[in-house]
Every structure is written in structure tokens, then in C-alpha cells.
1. One residue is enough: does segment B:350-365 have a residue meeting the conditions touching a Cys at 6+ places or on another chain (Cβ under 7 Å), closer than 20 Å to residue B:187 by Cα, outside any strand (DSSP E or B) and of a type in the set (A, V, I, L, M)?
2. Do any strands (runs of 3 or more DSSP E) lying entirely in segment B:384-485 carry at least 2 residues that are over 27 Å from the mean Cα position of the chain (by Cα) and surrounded by fewer than 22 Cβ atoms within 10 Å (Cβ to Cβ), and which ones are they?
3. Collect the residues in segment A:178-214 that are of a type in the set (A, V, I, L, M) and modelled with pLDDT under 95, keeping them in residue-number order.
4. Looking at segment A:166-190, which of its residues are touching a Ser or Thr at 6+ places or on another chain (Cβ under 7 Å), crowded, with 18+ Cβ neighbours inside 10 Å, away from every other protein chain (no Cβ under 12 Å) and not in a helix (DSSP H, G or I)?
5. Would you check which residues across segment A:203-214 are away from every other protein chain (no Cβ under 14 Å) and either in contact with a His (Cβ under 7 Å, 6 or more places away or on another chain) or assigned to a helix (DSSP H, G or I) (or both) and list them?
6. Taking the options A:193, A:222, name whichever one is within 14 Å of chain B (Cβ to nearest Cβ) and at positive phi.
7. Can you tell which of B:450, B:403, B:411 is in contact (Cβ under 8 Å) with a residue 12 or more places away in the chain and within 14 Å of another protein chain (Cβ to nearest Cβ)?
8. Just checking, does segment A:225-243 include any residue being of a type in the set (Phe, Trp, Tyr), surrounded by fewer than 19 Cβ atoms within 10 Å (Cβ to Cβ) and away from chain B (no Cβ under 14 Å)?
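The values are calculated or read from the model by the stated rules, or taken from the named source; none is laboratory data. Keep in mind that this is a model prediction, so the values were computed, not measured. Ideal geometry is used to build each Cβ from the backbone, glycine not excepted, and the neighbour counts take in all protein chains shown.
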Amino acid sequence: MHEYAFFLGCIAPNRYPGCEAASIKTSEKVGIKLLPLEGASCCPAPGAFGSIDLNIWYAMAARNVVLAEQMDRDIALICNGCYKSIYEVNHILKHNDELRDGVNEVLKEIDMEYKGSIDVWHLAELYYDPKICGVDKIRESVTRPLSDTKIAVHYGCHLMKPRKERHFGDTDHPMWIEELVAALGAEPVQYRNKMQCCGAGGGVRGFDLEHSLDITNEKMINLQEVGADALTEVCPFCQLQYDRGQIEIEEKFGIKYGLPVLHYNELLGLAQGMSPDELALDLHAVDVTPFLEKIL
Amino acid sequence: MAEKKEARIGVFVCHCGTNIAGSIDVEAVKEYARTLPNVVHADDYQYVCSTPGQTMITDAIKEHDLTGTVVAACSPRLHEPTFRMATKVGGLNPFRFEMANIREQNSWVHMHDREGATEKAKDAVRIAVAKASLLEDLIPKSVPVEHAAMVVGGGVAGMQAALDLGNAGIKTYLIERSPTIGGRMSQLDKTFPTLDCSQCILTPKMVDVGRNENIELMTYTEVAEVEGYIGNFEITLRKKARGVLTPDEAEARGIVGGGCNGCGDCVEVCPVIKGNEFEFEMAPRKAIYIYHPQVVPNLYTVDFNTCIKCGLCVEACGEKKAIDLEMVDELIKVKVGTAILATGYDLFPIENKTEWGYKKYENVITGLEFERLICASGPTGGHLVRPSDGETPKKVAFVLCAGSRDNTGVGKPYCSRFCCMYSLKHAHQIIEKIPGAQPYLLYMDIRSFGKMYEEFYYRIQDEGAKFIRGRVANILEDPVTKNLHVFTEDTLLQRPIDLEVDMVVLASAVQPTTGADAVRKLFGVSCSQDGWMLEAHPKLNPCGTTTAGVFLAGVCQGPKDIPDTVAQAEGAASAASIPIHRGEVELEPYFAQCNEELCAGCGMCVNLCPYSALALVEKDGRKVMEVTEAKCKGCGTCGGFCPGGAIHMQHFTTPQIVAQIDAFLLGGEQ
């Protein structure tokens, strides 16, 4: 068992609790144990906090890292926004002594010190990493293959960019999540402008909902074109935008898509035999039933 | 050794107009010099480098019976030879001169601190005087120069250099690693701004190279090892197994009237098909091949990586017996006096800029691929077509500075210098060849700097090419039509743009060719930060290198277009021919000397020497170090290290350096 401190984030436990449950249960079946990271705060959201005061962003993210340092475990997380904050702040502080000293000044007030002793991972990359888990292990864990389904992948901006501070190689034409999807027995499909933003990030959803939905709508058109049965992603915030967003698009623009949107961990849960109830799929805004009918 | 007599030093302080006098009190420095030990004369002058200034030095040497001279002026890189000559004319050994740099390292950088600059100048003069007091007579050595030269690389630069050397009566080895000479220029369709057919102007030169009786053309050959020094380079070449014999080689094997005559009978029967590198794999070739019909030498080559040795070609060749499928690499040693490196360039692997989708999207090509596709002798007979469907593209986007002037970490920070111009030419070519074609040039700046270049730029504007100033953010392919969406901001209109085109041509950055680094290191040539080979001086010695006798030509030294490449090649050929025509070269006497009585023969210095100038030899029954003076650069690595203090660095002796340090640290107190 590889043990990690599990950073939950905000959206998964509050909006998609099934995603949280799926992460803990699916990972255990492939040799990853997620330990609770007690006392963790918001990551904090990179757009909302980072664009207003970087120092607050650094300090709060660093505090979350310190909690894991105290457990002597690397962090695993399931949200691209959290990844942007916690992975990137950890990366920056490891390479910038001046910033680290500043952050430690602040942390001293709560008797904490950032040491830079751990790494931060997205659970999806741990699933893909053959040293930790790997595609084969995922495939072996499947008891209910998602046969005859076409699934499109949304990677999400904060996972892949900025390229310089990531380690994913070609960030413009990635295929590794597709490999993880294929391991579940589904057929991954390609669509136009795959790497475009979901529309939510960078504070756009909060600041200008209509513009944000415009972007989402363009993605929905491209997804509809290739006849995907479901869209999967590795970010609850992207999930929220595609899921809630489809309802909002219907309200504002009068277009109905009805495309089920599932976090990769929810898909993996289904493929490993978890029930829709266990995954709380009834809390999704877009009805998931058409997809479930194909696989159950 | 001259009779030891008390040092008598003359100091000359230069005003350099106001260059020095503007921020240094020259009078004060001169007066200070007069107070220094061993100084018997000090003077100042407006321009010491002028004829009267030099006369001042020669006269003073005689008048004051000087044993050494010090000039406080500019950098020794500029006028050290001048003042050495003046010292010599005055009757002293020229190495009894020392220079204090009070301009580049003082007045120019301390313009606003006259007092501080003056004090610093006094320090510099004091240090120079301390060294000058201990200088010794040195006699430069001469070595004979082999009457032959080598040119590495058979592109237009190497060909031009070899032709110039050959025509000057010098035996020249032209080394090319591919099967034919011609280089990048032979892959181009037309040249800017004159729109000459590139092959038409190049092939006569290729033929000349093949026929020149002084040029020994060695294709499919690489440099394996370089030993020796200016005048006497011993170079080992690896003649790669080509599988095909020339008529001469056949005759040497006793096959009369045989050898390859370029008939091509072998190609027809060869069953192996592979991509032709010359066409960027857009056309096939066989395992036995020539790149194109105009190759020089007109000689086939077997690609042993793909050859299945079926022997059909051997049969087809028949009585000529030109093909030997068991051929192995051969090492050949040649001796030359000087060498020119002309290794050229490759394109930066533009697929690394993943946002533009090269190698992912079929209709995104590079500028060099465009050259082949638009060239009448290319794979499509000069019809520009989309690789995805063979259709003629109408709307074509040209992405300039693709990977050049790029500080993102993926790409090159420098300007590749010829992409603006060839992209303009490409725009012209599609307008000319394809009715209704519309080129879009997406640019940062158009750099049309050469003769008739700006006029060419205007011409292409008038022909209807559209210019959009903006860096391309990303390119997306329409999965159905395979058209491309180019996303950028028109920074003049301040508007984001989604431009749908049929084809994208990336004017990719250029970088030193693979293997250039290895060749550079064999010849002891440095490179600049960006990886290009380093010239001896960017302004005043652009063809030379810091390794005496090794010169540079063409893009291996930095991106340049054909006219600049040919000009540099002629310059390099001229520079490389000078030592050969003189017949001997004088070496600066800054070499190490071994005191054999002190040398313990430990051999540590031998491994430390960066120039392989040292060796352990047996003398009187024990091992001692010996210096090959011609190879030694006087860097002092060995001298500084020697545990026994047995190595004497001429002109930079330990007592001289200690005297300089003392003079500085003790502030003149002895």
C-alpha cells in the first residue's frame, strides 16, 4: 500500500460527495491508501485568492502542505484547482528561498514551519504512474467493464499548464487519461478543441457567468459532434461547470444537451462495481441514467 | 640570457583624447608613476598609439637606457602589438613591454567618479611596473606549415571555401558526412530576393568542386580524431562504408573499367523502400540510393541500416563490380596546415512547441518541407499540395519566429535571421503558382535587413500577402476537413483572431547541426551560450577561432543567409591560406617550461592540460614532463598545480605574478 495524505478540497465533499467516496474506495483496490488530512482548509482557490493576494495564496496553501509534512506523507488530491494551488505553491516554495522565508514568517504565528519535505500529486497521475499503480492495475481492478460506451475526456487547464512547472510532456495533445479510460473497457473519443477551458476557471464563472457559459456551450457543441455518451474529467470544479452549466445553458440559451458528466473516480467506481447510490449519482444535475442504462 | 641589470622602467600614460583624460587625472597618474620603484621616466601623451606617441617610446628607451616599458592606455587586445613593436624598434626585446588597461576597465566604467578612477589607474600602473621590472627576453618560435587545408562540411560555405583554397593552389580536403555535397542550399527551390533557382546557381559550383584538381572530395566521411596544432594538424577521418566503389577504387582492386558510373541499374532491382532524407521523407528511396539526380560525386550509396543484403543490386551491376556489400568503415589519416569548419544547421525540432501541432496535424509543415513541395524537382513536381488529401491549398498561414526569439524555455532566444525573408519568398511563390491563393504572414517584426530585401518586402505587400502582427498562441485541426484554426491576437488591431487556413508553414528556428558539437570539440573550438561555434572576435575576427589555424564559415558560427555565408567562407579561406602561403607560423612564446631537476615525474600536469601539450618522457633513467611548445597555450593550469614548482610559465612567472599581487596589496610599500 502506498499511503498519501488525502486533500479533499471544497467542491467534492460539498457538491459531489460520491466523488469523495469513490476516491477513497477505488484507490484502495489498486494499492493506494488515502489518509485523512485533518485540519486542512480550502486549497485556497487559485483564481479567487491568487488573483487578489498572492501572499495569502502562498501562505494558506503552504499551511496545507505543512499538515502533510507533519504526517510525513505526500499529498494526493482529486481536483485541478487544488492541484494548481498546492502542487504549484509547493513547487515554487521549494525553489524560492526568499518566498519561503516570507511564508515561514507568517506560519510562525501558528507555530508552523514549511520545510519542503513532501511532494504533491493528482490521484489521476498516481493511477497512471506504473511505479505506484499503472494502467494495467486499473484494468485488473475492473469487475464491470464500461463496454460499448464512448467517453470524452476533459483534462482541465490547471492540471496541465503552465507547462514549465508541470511534468506531463506534451500538454497540448495529451492521451494518458484516455489510456486510463480505455482500461475501464470504454472507448475514449477525441473531439475538437479538447484542451480548451471548461469555462469556469480563473474566476470567470464567478465574475461573468454568461461569458463562462459561452465557453462551456462551445465545448458542448464539440462534444455533441462526436456522439459521446459521457464526459469525464479529473476536477470537481470542471465537473460543476459542465454539470450545473448544462442546466444554466438550457435556462439562458434554451439548448439542452443532457450529457452525463462523471469524475474519473466515479467512472472507476462504477467499473469496480460500486452502486450508483454509493456514488450519490442522483446529486448530479444532469441525469446520469442514460449512461447507467448502457453499463448496468 | 641577457646580462642581468637593474630594472629601468619607462611609463607612458595615454589621454586617448577624452576617453581616458575625461575621467582620469592623467597628470596625477604620471606624477605618481615617477615615484614608483624602478621607474626612471614617465610621460603622457594625447594618443600614445599615434606615430609621434610611438616615437616617444622608442626615443625614451634609448635616452634613458630603459629595460622595460609600461603603457597605461586601452585594452591589450587593441594595441599590445603596436607598443611591442615600438619597444622593439627602441632596441628592447618586444616582450619587455607591459600594458595597464585604464580605459575599458576604468575610465569607461567609472565615468562619474574621477577621483576613484584616478586612484584605480595608479593601482594599475603600479602593478604593471612591478611586472615590467621582472620581464625577461623571449624569443618566439616558428614552425613550418603543411601545404594543405581541410574544410569540414560540404554545403555552400564549405564548397566556396574549398574552391577558394583549391584555386589558390592549396591541396584541400573537403569532408562531407552525407553522400553528396550541396548542403541545405541544394534543398531550396528559389533564393530571396532575386528568385534565382537555388539548384541552378549551386550545381555549377558543385561541379567545379568535383573537377578542381586541388580539391580532394571525401563524401560519406566524418572527422574521427584531430591531433597537432596550427601548421601540423594530423586528422583521422572515418570513411564510412558506402558499399559502392568509385572507378578509381575499383581499379585499385584490379577491376578494369569498373566502378560506379551512376547508371542506377541497382536502384531498379532493390526491394527495400525507405523515406528519402533529402525530401524530408516525403518521397521514397531504395536501400541503394542517390539523394537527387544532380549529386556530386555521382556515386550510389548503400544504406546498411536497411539493406537486407539480397544481392540483387550486385547482380544488376554486373561486370562493373561496383557494389561491395561487405565493405567496412576505413580510417584515413591526413596532414593539413589549417582547417575550416562549415558544419551548417538543422531545424529546431518544432514539434517541441506542441501548441502548433507539427507532426500531429498533417497540414502543418516546416519552411524546408515547403521548399521541397514547391520545388519542380521535389516529390510533387513543384505542385504545392496538402499532405492530408493532396489538394492545392488556397489559404496558407506562415508562422514566423516559430521557436526563434522565444524565451519560454522551449525554443531559441536568438533571431534565426533568414526566416522572415524566406517566408516572404514563400508568400510570393504561392501567389505566383496558385490562382486565388492567399498567404497570411503572422509575424513579430519583419527583418528585411539585406541589400534589396526591404524592396522585396514591399513587393510582396503589393502582391497581396496579408500581414498580421501577433505571435501564434495555438493551432487546432478541424478533424473533418483537416483545415487549421490559427489563434492569435492581431496586436495592431488589438483583437483576438481565429484564422481558418488550408495549410500552416512554420518558419522554424535553426540550431547547430547534430554532430557539430563533436566536431567543434575535436578541433578545440568553443561555443557561445546559444550553442553556435565561437568566433575569435565578433567584430574584428569573425572567421577565426581561439584555436590557431582553425576557422569558421557559414551558419555553424551563427544564423546567416546565403550571401553572408559565402562572404564568410571566402574570408575564412583567405585567413586559412595565409599561414600556408607564408610557409611558417610564429608562436607566442607563452609556453610552459619544465625544470627537469625539480620535476618528480608524477604526471599530474599531463592529465590536467586542456590542450594535450604535455607528456611524460624518459630522460637519464627517470620520467620527466616534456612540453610540446607549439601546442601549449600558456594557460598556466599545469604551472599553478605542479606540487614541486617545477613548471615555469614564460611571461607569467611566479615571481612576476607575486610581484603584481604584492604591488596591489601593499599599495606600493615594498
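1. Step one: list which residues in segment B:350-365 are touching a Cys at 6+ places or on another chain (Cβ under 7 Å), which gives none.
No: zero hits.
2. Numbers: elements: B:395-402, B:438-443, B:466-469, B:472-477.
Passing ranges, in order: B:438-443, B:466-469, B:472-477.
3. From segment A:178-214, those of a type in the set (A, V, I, L, M) are A:180-184, A:186, A:189, A:195, A:200, A:204, A:209, A:213; that's our starting set.
Result: A:195, A:200, A:204, A:209.
4. Within segment A:166-190, just A:186 meets the criteria.
5. Initially, segment A:203-214 is screened for residues away from every other protein chain (no Cβ under 14 Å), giving A:203-210, A:212-213.
Result: A:204, A:205, A:206, A:207, A:209, A:210, A:212, A:213.
6. On the way: A:222 fails: at positive phi.
It is A:193.
7. B:411
8. Going residue by residue through segment A:225-243, those that are of a type in the set (Phe, Trp, Tyr) are A:237, A:242.
Subset that is surrounded by fewer than 19 Cβ atoms within 10 Å (Cβ to Cβ): none.
No.
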